[in-house]
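Undergrad: Let me begin by handing over the structure; questions about it come next.
We did not get these values from a lab; they are worked out from the coordinates using the rules stated. What you see is a predicted model; the values in this text were computed from it and never measured. Because the Cβ atoms are built from the backbone with ideal geometry, glycine has one as well, and the counts that use them run over all protein chains shown.
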Amino acid sequence: MTLLDHLIFFPVLIPLLTGVLLLLPPFHERLKLQREAVMASNMAILIVAILLLIKSVGEGPQIYMMGDWQAPFGISLVNDVLASVMLVLTAILALAAHLYACAGEDKAGAFFHPIFMFQVMGINGAFLTGDIFNLFVFFEILLIASYSLLIHGGGKQRTQAAVHYVLLNLAGSTFFLFGLGMIYAAFGTLNMADMSYKAAQLDPQNIELAKSGGLLLLIVFGLKAALLPLHFWLPKTYAHTSTPVAALFAIMTKVGIYSIWRVHTAIFGEFGGELANIASAWLWPLGLLTLGAGIIAVLASQTLKMLAANLVIISAGTLLITLAMNTQQATAAGLYYLIHSTLLSAAMFLIAGVVQEQRSQAQDRLVRGRAISQPMLIGSFFFIAALGLIGMPPFSGFVGKILILQSANSALAASFVWPLLLISGLAAMLILSRAGSTLFWRVSGPAPQENKASPLQVTAIVILLACSPLMVIFGAPLTELTEMAAAELHKVPVAIVEGTL
Amino acid sequence: MEILYAICVGAITTGGIFLILRGYTFAVVLGLTLLSYAVNLFLFASGRLVINGAAILGESETYADPLPQALVLTAIVIGFAMTAFALILALRARSDLANDQVDGKTEIHDDLPNKVGDNRQGGTNK
């Protein structure tokens, strides 16, 4: 075993150690040092994630048994293409969100930097784990960090949003455990690869138990991913939290989507025998309705942050539809769209934050107000992010939507997916052009000189926005990557006891 | 024994769900605590109930599945931390929003005995 074999654990280990270190005396209460430490560790995570991606593409999936306990009893970390793509995405997002926070928002409350690190640790762990109970543990880590990040800075609205978010997620965690109990009782294992192998030859008397467990897990992941009746917490939570936290939270709904891939595509997927595709029947109507609800909500948005939050619901609905289709092509398209929508919704939150700061009284409400200090710069950022989110060429939203439309290839699927997806683009275009013209053109007075965006904020937005054209320029290798990830997810399960996956 | 156990877990779960559907943070936190008790018992049973069986090989003739016991231990620790957090947050919300209603609204005190509207701190949610 060389150090490179242990690399898989580093995306969890680096933020853990940095987070703990920041709580200790040499770093404690020294803001500049804390900022630099987190920046360094974010860079390190990004490098490790890229190395892992190269490794998983070159050598196929790797399994790391924690403490060298043997599968299927030991806890495994699995690095395949899907996991490492998500790691790279998280690393880029965390880097940008943290840069933005360093412009001053981290001073609003204590312990921002350590909690930020624990948040990253939880997200990375959830992407890497190959054990479903460990998925629960990492969920809890990312949740408890997100609870604290959410109320960072305090304030009435934030506390109220946090109460809803925390109580809902605590109930969700309990259901997660109920689901896990049923699944363990039915499968006798918690290793996800082992479960997907056993699903097809399950004892008939355990089938119903496994089904109920699987669907309970769908409720939990649906709560995270903003599936229709469970999405009402999202707009308020995202709109009222501080800007960098909202940007980082753009990945949180995607953790739910990712877990549905891991559980309902890989375990209860097409090779599940009697358990095959149990989620599809629910995801079809609920996914379409989520998209519909997102379209209505986005048209009714009153502030730019609320608008960005409602766009997250639209992207969640779109992704849930690709999950419902549950074909390899749809999964690949969904992954491309997921990367694009995470980066651009985060960018939109950051832009909304800058607008909010520069318009003083009017904040980010979509009403006539005073001019913002840098109308050209922020205006063009807004324009690029909007084009991407609507799905207009030449940005990544266009490619993502085309891929999804292509994967809805049966007549029935197309008749539902095409109109809704296209209408969602239209709705986004309507509201974003209204928002843009109100914020940047319907202004009173010339642009003031004070209160300019700091270079850190601009860099953060540029990093996120630059990904969009890059995703188009490198579209061919990226779609190859997503297809590879989808192929691994849809492969025939192999018995784990015979060694590797 | 299975039936008795199942009824007990079911009763606790029912109580928990009833309480989390109430509109006041204190009741909801109590409900979550009850639910986490229920889920711990439920997890414990997921390895099937065994009488007189240690979770260690060779100590007794039959042995119990040790994995659910490890899971319950983890779940207890996590549930404890989460409940503590929820309690503190509920207290914070009580002082920030000047009432303990989950939506922060004062007018929904319909089932409390003649409570005077919370306007001591002049909240905006009247």
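Undergrad: Treating only the Cβ atoms of Lys and Arg (+1) and Asp and Glu (-1) as charged, compute the dipole magnitude of chain A about its Cα centre; round to the nearest 20 debye.
TA: 1960
Undergrad: May I ask you to sort B:36, A:196 by Cβ crowding, counting other Cβ atoms within 10 Å and putting the fewest first?
TA: With the sparsest Cβ surroundings first, the list reads B:36, A:196.
Undergrad: Here's another thing I want to ask about it. Can you give the FRET efficiency for residue B:69 and residue A:444, using 1/(1 + (r/R0)^6), R0 = 60 Å, r = Cβ-Cβ distance, to the nearest 0.05?
TA: Once rounded, the FRET efficiency stands at 0.35.
Undergrad: Any idea how far apart residue B:62 and residue A:412 come out in nm if each label point goes 7 Å out from Cα toward Cβ?
TA: 4.7
Undergrad: Residue B:54 label point, 7 Å along Cα→Cβ, cut-off 15 Å on backbone N: hits in segment B:63-101?
TA: B:63-66
Undergrad: What is the spread of the Cα atoms of chain A along each of their three principal axes, largest first, in whole Å?
TA: Result for chain A: principal-axis Cα extents of 73, 60, 42 Å.
Undergrad: Identify, among A:38, A:15, A:266, the residue whose Cα sits farthest towards the positive end of the charge dipole of the protein assembly as shown, taking +1 on the Cβ of Lys and Arg and -1 on the Cβ of Asp and Glu, with the dipole about the Cα centre.
TA: Farthest towards the positive pole: A:38.
Undergrad: Follow-up question, since we're still on this one. How many angstrom lie between the C-alpha centres of segment A:122-175 and segment A:453-481?
TA: Cα centroid of segment A:122-175 versus Cα centroid of segment A:453-481: 27 Å apart.
Undergrad: Tell me the net charge near residue A:88. Cut-off is 14 Å between Cβ atoms, residue A:88 excluded, with +1 for each Lys or Arg and -1 for each Asp or Glu.
TA: +1
Undergrad: Report the one residue of A:440, A:290, A:170 whose Cα lies farthest in the direction of the positive end of the charge dipole of chain A (charges on C-beta: Lys and Arg +1, Asp and Glu -1; origin at the Cα centre).
TA: A:440
Undergrad: Could I ask something else about it? When the label point is put 7 Å from the Cα of residue B:5 along its Cα-to-beta-carbon vector, which residues of segment B:72-96 have a backbone N closer than 19 Å?
TA: Residues B:72-76 fall inside that zone.
Undergrad: If the only charges are +1 at each Lys and Arg Cβ and -1 at each Asp and Glu Cβ, what is the size of the charge dipole of segment A:279-491 around the Cα centre, to the nearest 20 debye?
TA: 640
Undergrad: Something else about it: Among residues other than residue A:426 whose Cβ falls under 13 Å from its Cβ, what is the net charge (Lys/Arg +1, Asp/Glu -1)?
TA: Summing Lys/Arg as +1 and Asp/Glu as -1 gives +2.
Undergrad: Let me ask something else. I'd like the mean, over residues of A:130-141, of how many other protein chain beta carbons sit within 10 Å of each residue's own Cβ.
TA: The mean count of partner-chain Cβ atoms within 10 Å per residue comes to 2.
Undergrad: Quote the Stokes-Einstein diffusion coefficient, in whole µm² s⁻¹, for segment A:321-440, based on the Kirkwood radius over alpha carbon pairs, a temperature of 25 °C and a viscosity of 0.890 mPa s.
TA: D = 158 µm²/s.
Undergrad: Additional query: Can you run the Rg to Rh ratio on segment A:279-491? Use alpha carbon positions and the Kirkwood inverse-distance Rh.
TA: Result for segment A:279-491 is an Rg/Rh of 1.02.
Undergrad: Using the Karplus equation 6.51 cos²θ - 1.76 cosθ + 1.60 (θ = phi - 60°), what ³J(HN,Hα) coupling, rounded to whole Hz, does each residue of segment A:59-64 give in order, writing x for Gly and Pro?
TA: Going residue by residue, I get 10, x, x, 10, 10, 10 Hz, with x marking Gly and Pro.
Undergrad: Another question about this same structure. Report ³J(HN,Hα) in whole Hz for each residue of segment A:94-102, in order, from the Karplus equation J = 6.51 cos²θ - 1.76 cosθ + 1.60 where θ = phi - 60°; Gly and Pro get x.
TA: Running phi through 6.51 cos²θ - 1.76 cosθ + 1.60 with θ = phi - 60° gives 5, 4, 5, 4, 6, 4, 5, 5, 5 Hz.
Undergrad: With 10 angstrom as the radius, rank A:270, A:29 by how many other C-beta atoms surround their C-beta, starting from the fewest.
TA: A:29, A:270
Undergrad: Across segment A:228-234, in residue order, what do the Karplus-derived ³J(HN,Hα) couplings come to in whole Hz, using 6.51 cos²θ - 1.76 cosθ + 1.60 with θ = phi - 60° and x for Gly and Pro?
TA: Listing the rounded values in order: 2, x, 10, 9, 5, 6, 5 Hz.
Undergrad: List the aspartates and glutamates whose Cα lies under 15 Å from the Cα of residue A:224, skipping any in the same chain that are fewer than 8 positions away.
TA: A:140
Undergrad: So what's the convex hull volume per residue for the Cα atoms of segment A:240-309, in Å³?
TA: It comes to 81 Å³ per residue, whole-number rounded.
Undergrad: Once amide H atoms are built 1.01 Å from N in the peptide plane, which residues 5 or more positions from residue A:131, or in another chain, come under 5 Å H to H?
TA: A:76, A:192
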